[in-house]
Amino acid sequence: MDITPWLKLLEDSSVATTIRNSAYLFPSLEAVHVIALSLMLGTITVVDLRLLGLASKGRSAGRVSSEVLTWTWIGFAVVALSGFTMFTTNARVYAHNTAFLIKLGLLAVAGVNMAIFHLTAERTIDRWDRTAAPPIGKAAAALSLMLWVAVVFAGRVVGFTTTGQQAKEQAPPAASATNFDDFLTGGASSAPPAAAAPAPAK
Amino acid sequence: MHNFATWLYATAPSLFLRSHSDWMIPTIQSVHIIGIATAVGSAFMIAMRVIGWLGVDQTLLQTLRRYGPWLTGALWVLLATGALLVLAEPTREFDTLSFWLKMALVALMATIAVVFQRSVFRHDQRWETAILGTAGVKWAALATFVVWAAIIFLGRFIAYDTVWSHVLPGAKA
């Protein structure tokens, strides 16, 4: 199924258009994305380190995880919403970007990893609440930490490999499609604020 | 300051970072973001304990022993990766108002982090019995969230900021 018309629809939405025409909305979304991911990853790490037996060893595993869970989900909701909104500004480019697709794949694996943990180790949490988590709980925690670090890396690469690019049918990519050289010389910062190209993301 | 930036830009380490920038800059930035998540995550857990919304089964001293080293360690990682990013492209930072505002707020928060931790380690009983429940300290803890958010905003805006070039004509050709 070709989703290109749907992606085009997202790009043409008034929200996406407003963001593209603003010099400050896109970086603001990036900042919100980082603030919310700090909340999400910070609280996930607290739980993962308890499961791995590297921190909070004496505390109830159930309490450690349940009390931060709300904040993890609040963080996730804001990360997902800000991420999706950034996606709509240049949907067809992101949808064909390798780093972006890898990031989505990693997120899916992280979701499955979490589901497996809930269906296995967490079912028996009463038995290991005050002691070490079972091997499958530790494995899930280690995998979780590695996956989220990889997600951050992939996400940063998305910014570097999509900046200044436009969907092909709209305009052929110019020789300076990737403004990485601008980034190096600081030239991008002096670009006119209302540039027609998608907001610079570096 | 602009001359210093120009000089730094021409040094060998700066050139080295730029000549491998296709993978080095995104990698350093990614480590910087993970550092932000660690620092802000730890600061969040400590502030939430001060407010009394998280971890109230632990004393403030226990909470600081758990998250304080992560906060301090992450701040060092941020300083190191941030210094590398400045080194790779000094004019981008030194000519930018966002960068200097961010540095001022970072210095403020790092100072608070050190002073606060020392104070709790020395006077943990007084913190536990007399200070923790007060409204002032709870509001102060809430205020730290705003400052961390401002630091992240300013950090992101370094890449987009053109304010300083208007303040100092000729700073950014």
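Mind checking whether some residue in the stretch B:62-69 is touching a residue at least 12 places away in the same chain (Cβ under 8 Å), touching a Gly at 6+ places or on another chain (Cβ under 9 Å) and more than 9 Å from every other protein chain (Cβ to nearest Cβ)? Show your work before the answer.
The initial filter retains those residues of the stretch B:62-69 that are touching a residue at least 12 places away in the same chain (Cβ under 8 Å), namely B:63-64, B:66-68.
Keeping just the survivors that are touching a Gly at 6+ places or on another chain (Cβ under 9 Å) gives B:63, B:66-67.
Still in the list and also more than 9 Å from every other protein chain (Cβ to nearest Cβ): B:63.
Yes, the stretch B:62-69 has at least one match.
For the stretch A:135-148, the criterion of being buried (at least 18 other Cβ atoms within 10 Å of the Cβ), modelled with pLDDT of 95 or more and of a type in the set (S, T, N, Q) is satisfied by at least one residue.
Listed residues B:Ala140, B:Ala107; which is assigned to a helix (DSSP H, G or I) and either closer than 22 Å to B:Gln62 by Cα or touching a strand residue (DSSP E or B) at 6+ places or on another chain (Cβ under 7 Å) (or both)? Spell out the reasoning first.
Details: B:Ala107 fails: either closer than 22 Å to B:Gln62 by Cα or touching a strand residue (DSSP E or B) at 6+ places or on another chain (Cβ under 7 Å) (or both).
Result: B:Ala140 is the single residue among B:Ala140, B:Ala107 that is assigned to a helix (DSSP H, G or I) and either closer than 22 Å to B:Gln62 by Cα or touching a strand residue (DSSP E or B) at 6+ places or on another chain (Cβ under 7 Å) (or both).
For B:Thr6, indicate whether it is under 21 Å from A:Val157 (Cβ atoms) and of a type in the set (Ser, Thr, Tyr). No, not satisfied.
Just checking, which of B:Ala43, B:Ala80, B:Ala37 is surrounded by fewer than 16 Cβ atoms within 10 Å (Cβ to Cβ) and part of a helix (DSSP H, G or I)?
Details: B:Ala43 fails: surrounded by fewer than 16 Cβ atoms within 10 Å (Cβ to Cβ); B:Ala37 fails: surrounded by fewer than 16 Cβ atoms within 10 Å (Cβ to Cβ).
Testing whether each residue is surrounded by fewer than 16 Cβ atoms within 10 Å (Cβ to Cβ) and part of a helix (DSSP H, G or I) leaves just B:Ala80.
Pull up the stretch B:9-27, narrow it to residues that are more than 21 Å from B:Asp95 (Cα to Cα) and either within 10 Å of chain A (Cβ to nearest Cβ) or among the polar types (S, T, N, Q) (or both), then point me to the one that is surrounded by the most Cβ atoms within 10 Å (Cβ to Cβ). Here the answer is B:Pro26. Regarding B:Leu105, is this residue more than 13 Å from every other protein chain (Cβ to nearest Cβ), within 17 Å of the chain's Cα centre (by Cα) and touching a residue at least 24 places away in the same chain (Cβ under 8 Å)? Yes.
The values are calculated or read from the model by the stated rules, or taken from the named source; none is laboratory data. All of these numbers come straight from a predicted model, not from anything done at the bench. Cβ: placed from backbone, ideal geometry, glycine included. Neighbour counts: every protein chain shown.
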